[in-house]
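J.: Here it is: the structure, laid out below.
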Amino acid sequence: AARNGVTVPVNEGGRRRPMGRPGPGADVRTAPAPVPAPRREAVPEPDATRPTGMPSGTQYTEVYYHAFREFMAEHGRRPNARELARALHEHHNVTDADGSLLSEGHLRPYLREFRERYNDEMGLGG
């Protein structure tokens, strides 16, 4: 509230505000509200994260799932994302475009899908 009804000028147009608001040195001009950035649809992964070493005409999912099943047969358990990335590299020569292992973040969604797919194939339910 204004102290004793005292006001101070805000701009040359004669606008005034109660004294005491806002703090000293504050810019009293009002800025327009920021406009939120438009939401973007999902975009394909950048080339740097695109797997290389895939047989031509083969979908990523099928190569990943094949490596998933091989790991399960060899180890008797499901691989985590890092283990699947290593298996894809070692047994299928699949890497990122820069030659590094596929990222765990890239593979995690596939692991959930593969667990369900494997259980369905084995008649184990979801």
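Readers should treat all values here as calculations from the given coordinates under stated rules, not as data from a laboratory. Values in this document were obtained by computation on a predicted structure and should not be read as measured data. A quick note on method: Cβ atoms are made from the backbone with ideal geometry, for glycine too, and the neighbour counts reach across all protein chains shown.
J.: Any idea how far apart residue 113 and residue 97 come out in nm if each label point goes 7 Å out from Cα toward Cβ?
T.: Using points 7 Å along Cα→Cβ, the separation is 2.1 nm.
J.: Okay, moving on. Could I have the simple spin-label model distance between residue 120 and residue 7, label points 7 Å from Cα toward Cβ, reported in nm to one decimal?
T.: Each label point is offset 7 Å from its Cα along the Cβ direction, giving 7.0 nm.
J.: Name the long-range amide H neighbours of residue 17: under 5 Å, sequence gap of 5 or more, or other chain; modelled H, no Pro or chain starts.
T.: Sorted by chain and number, the residues that satisfy this are 8, 10.
J.: Charges only on Cβ, +1 for Lys and Arg, -1 for Asp and Glu: so what's the dipole of segment 59-106 about the Cα centre, in debye to the nearest 20?
T.: 220 debye
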